[in-house]
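Trainee: Can you keep this structure in mind? I'll have questions shortly.
What follows is calculated from the coordinates using simple rules that are stated; it is not laboratory data. No experiment lies behind these values; they were computed from the predicted model shown. Glycine also receives a Cβ, built like all others from the backbone with ideal geometry; neighbour counts cover every protein chain displayed.
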Amino acid sequence: MKLSVPDPTPTRGAPTGIRRLLALAVGSTATPLEQHRAHYAAPRQHGRHDALIALVEKSGLRGRGGAAFPTGTKMRAVASGRRPPIVVVNGTEGEPLSKKDATLLCLQPHLVLDGAALAAHALGATEIIVCVDREQPGAIASVAHAIAERQRSDPQTTVSVSVLSTPPRYVVGEETALVHWINGGEAKPTRTPPRPFERGVRGRPTLVDNVETLAHLAQIAAYGDSWFRSLGTASEPGTALLSLSGALAKPAVYEAPIGYRLATLIDLAEPLHGVGAVLVGGYFGSWLEPPAAAAVRLCNEELRPIGGGLGCGAVAVLPADACGVMESARILAWMAAQTAGQCGACVNGLAAISTTYAKLAHGQAKPSDIALLHRWAMQVDGRGACKFPDGAIRFLRSALRVFGDDLERHARGRACFGTRVPPMLPVPPIRGGWR
Amino acid sequence: MSHRIVVDPIACVGHRLCADLFPERITLDDWGYPIIDNTPIRRDLLGHARRAIDACPTLALRLEKVVARDART
């Protein structure tokens, strides 16, 4: 007799595959409200005031903007304030390799807005502010259209929803920077405390949650915490949107359970040449050598011990013949230019690091200068008001680990055929101000 | 009860006075900005710490109470 584990009760209407957030996505247009409502009931008060917060806590949902902070804990902290809170939907997505927030806003805007509305109800908030990068007109138009659809279908709504378009700067997505900008200041991080959960937009307790996080929240409210936990790992449940780019035939945003094998995911996206190093977690993540990339699962439990992290879920694949040193040099220069210019260690440290790294890459510095990079990594790490410099240092350290021998060869002036290969990873020009 | 020094890295512009006045806990990085050793400060050093804090032209330093469990004095 064969023993079988009884099937968990299937949740009615819940997506059964590994595509959850993108289950309804067809083609490249947004799921209209009417069709969305056939699957998701209109957000309403979720039982008791904090029933949803308790549900989110139970679900184990973690923020998908990069920091993986427990969402329920954050909501609980916002709810403990005395004044009515404000909900900010963070769709700034300043990471050049990440496309998932814009994709979600373009394809499933109502799932994101449902999540925001549910969070607002649970917190007693009457105002939702959706922030999207100014340079993502498609996502902005999609959200604006979705908000108009919702107003037509429910003109009595007591929750106001507005869209703001943010300056194209990486650190605008840092929650204190975003709040400072919404309040009329420059999009630069501020001193903490206070954090936004204590004093945020107009001094109110403010919940700043990533676009994808809120979409998961909407599904947890609809299908329950055990459904949510049925994919993913125990400490990081659920699926994640993963932006795949680089030397792939099918670069795109994929959805997979957290803990999915990186190699399987790359196979799905069809590598064009032999797979070289893989950058996991975006520009503020870490390079992985091919053997590590072949073995690792996409979760912080496995990535953190090898110096990496899932971050915002961006994965870039270098072809085997590309030059990781040149790619890293370009990315470090971009990072140095993205500093908000406020903290001495970040401004000076990242400038020194990127300049010296570029000199080494071009054979214009002594191999012994590599020791300076290690020294500065120690000096800069943990010394900013925000975590921006720490992310840059994580990237630098992974580049030194994975391409250390190559960097030394570059410094000795040895020929590298990789330098003739066109740049693989995008380095957007720095433009626009801080407002 | 013991204390440690905390710097506001946004307010700090690198005047370097603090490292001169309180080298026991403050050194400078390669660009002249303070690196704080946040080991709790012994009672006999508190005067030096306070002098460094008061000398900062941008008021970027403050003394923070350390909760009992990681106090070592």
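Trainee: Do you know the relative contact order of chain B, to the nearest whole percent, from alpha carbon pairs under 8 angstrom that are 6+ apart? Before the final figure, lay out each step's value.
Mentor: Numbers: 121 pairs, mean separation 35.5, N = 73.
Reported as a whole number, the value is 49 percent.
Trainee: Number of Lys pairs in the protein assembly as shown with C-alpha atoms less than 19 angstrom apart, excluding same-chain neighbours closer than eight positions? Mind showing how you got there, number by number?
Mentor: Working: A:Lys58/A:Lys74; A:Lys74/A:Lys387; A:Lys99/A:Lys250; A:Lys100/A:Lys250; A:Lys188/A:Lys387.
Here the count comes out as 5.
Trainee: Hey, another quick one. Which FRET efficiency value, to the nearest 0.05, do you get for A:Arg401 and A:Ala141 by plugging their Cβ-Cβ distance into 1/(1 + (r/R0)^6) with R0 = 41 Å? Please report the intermediate quantities before stating the final value.
Mentor: Details: r = 42 Å, r/R0 = 1.03.
That gives a FRET efficiency of 0.45.
Trainee: Let me check I've understood the local charge: for A:Leu217, count other residues with C-beta under 12 angstrom from its C-beta, Lys and Arg +1, Asp and Glu -1. What total comes out?
Mentor: Numbers: positive: A:Arg62, A:Arg64, A:Lys74; negative: A:Glu57, A:Asp114, A:Asp209, A:Glu212, A:Asp225.
It works out to a net charge of -2.
Trainee: What number comes out for the charge environment of A:Asp267, summing +1 per Lys or Arg and -1 per Asp or Glu over other residues with Cβ under 15 Å away?
Mentor: Details: positive: A:Lys250, A:Arg261, A:Arg297; negative: A:Glu270.
Net of charged neighbours comes to +2.
Trainee: Return the FRET efficiency for the residue pair A:Asp390, A:Gln35: r is the Cβ-Cβ distance, R0 is 30 Å, and the value is rounded to the nearest 0.05.
Mentor: Values: r = 42 Å, r/R0 = 1.42.
Here the calculated transfer efficiency is 0.10.
Trainee: For the range A:65-211, just the Cα set please: Rg and Dmax, both in angstrom.
Mentor: Here Rg and the maximum Cα pair distance are 14.3, 42 Å.
Trainee: Farthest toward the dipole's positive end in the range A:153-224, which of A:Thr192, A:Gln219, A:Ile182, given Cβ charges of +1 (Lys, Arg) and -1 (Asp, Glu) about the Cα centre?
Mentor: Selected residue: A:Thr192.
Trainee: When the gyration tensor of the range A:280-319 is built from Cα positions, what are the square roots of 5 times its three eigenvalues, in whole Å, from largest to smallest? Numbers along the way, then the final one.
Mentor: On the way: eigenvalues 36, 32, 13 Å².
Three semi-axes, in Å: 13, 13, 8.
Trainee: Rounded, prolate or oblate: pick one for chain B, where a ≥ b ≥ c are the square roots of the eigenvalues of its C-alpha gyration tensor, a/c under 1.5 means rounded, and failing that, prolate if a/b is larger than b/c, else oblate. Could you put the intermediate results ahead of the total?
Mentor: Numbers: a/c = 1.87, a/b = 1.78, b/c = 1.05.
Since a/c reaches 1.5 and a/b is larger than b/c, the shape of chain B is classed as prolate.
Trainee: Give me the net charge of A:Arg202's neighbourhood, meaning all other residues with Cβ under 12 Å from the Cβ of A:Arg202; Lys, Arg count +1, Asp, Glu -1.
Mentor: Neighbourhood net charge equals +2.
Trainee: Of A:Leu22, B:Pro57, A:Gly281, whose Cα points farthest to the positive end of the dipole of the protein assembly as shown (charges on the beta-carbon: +1 Lys, Arg; -1 Asp, Glu; origin at the Cα centre)?
Mentor: The residue sitting farthest along the positive end of the dipole is B:Pro57.
Trainee: Quick one: give the max-minus-min coordinate of the C-alpha atoms of the range A:347-409 along each principal axis, largest first, in Å.
Mentor: Taking max minus min along each principal axis of the Cα atoms, the range A:347-409 gives 35, 21, 15 Å.
Trainee: What are the extents of the Cα atoms of the protein assembly as shown along their three principal axes, in Å, largest first?
Mentor: Taking the Cα atoms of the protein assembly as shown, the three principal extents are 67, 58, 57 Å.
Trainee: Taking the Cα centre of the protein assembly as shown as the origin, how large is its charge dipole in debye, to the nearest 20, when only Lys and Arg (+1) and Asp and Glu (-1) carry charge on their Cβ atoms?
Mentor: Numbers: 57 positive and 45 negative charges, 176 e Å.
Dipole size: approximately 840 debye.
Trainee: Kirkwood hydrodynamic radius for the range A:150-265: how many Å is it when counted over pairs of different Cα atoms? Let's see the in-between values first.
Mentor: Details: mean 1/r = 0.0574 Å⁻¹.
Result for the range A:150-265, one decimal place: 17.4 Å.
Trainee: When a/c is below 1.5 the answer is rounded, else prolate if a/b is larger than b/c, else oblate, so apply that to the range A:307-360 with a ≥ b ≥ c taken from the square roots of the Cα gyration tensor eigenvalues.
Mentor: On the way: a/c = 2.76, a/b = 1.39, b/c = 1.99.
Oblate is the answer for the range A:307-360, as a/c is 1.5 or above yet b/c matches or exceeds a/b.
Trainee: Would you please name the trypsin sites (Lys or Arg not before Pro) within the range A:136-191 that are DSSP coil residues with at most 16 other C-beta atoms within 10 Å of their C-beta? Provide the component values of the computation, followed by the final result.
Mentor: Details: sites: A:Arg150, A:Arg152, A:Arg169, A:Arg191; in loops: A:Arg169, A:Arg191.
When the trypsin sites (Lys or Arg not before Pro) of the range A:136-191 are filtered for loop state and at most 16 Cβ neighbours within 10 Å, A:Arg191 remain.
Trainee: To continue, here is another question. In degrees, nearest 10, range 0 to 90: what is the angle between the Cα axis of helix B:46-55 and the longest Cα principal axis of chain B?
Mentor: Value to nearest ten degrees: 30.
Trainee: Still on this structure, I have one more. Counting each DSSP H run of 4 or more residues in chain A as -39500 (n - 2.57), what helix-only mean residue ellipticity at 222 nm follows after dividing by all residues, to the nearest 500 deg cm²/dmol? Write down the numbers at each step before the final one.
Mentor: Numbers: 16 runs with 174 residues, N = 435.
Calculated mean residue ellipticity at 222 nm is -12000 deg cm²/dmol.
Trainee: A further question on this structure: Given R₀ = 51 Å, what would the calculated FRET efficiency be for A:Thr158 paired with A:Ala371, taking r from the Cβ atoms and rounding to 0.05? The partial results should precede the final answer.
Mentor: Numbers: r = 61 Å, r/R0 = 1.20.
Once the sixth-power term is evaluated, E becomes 0.25.
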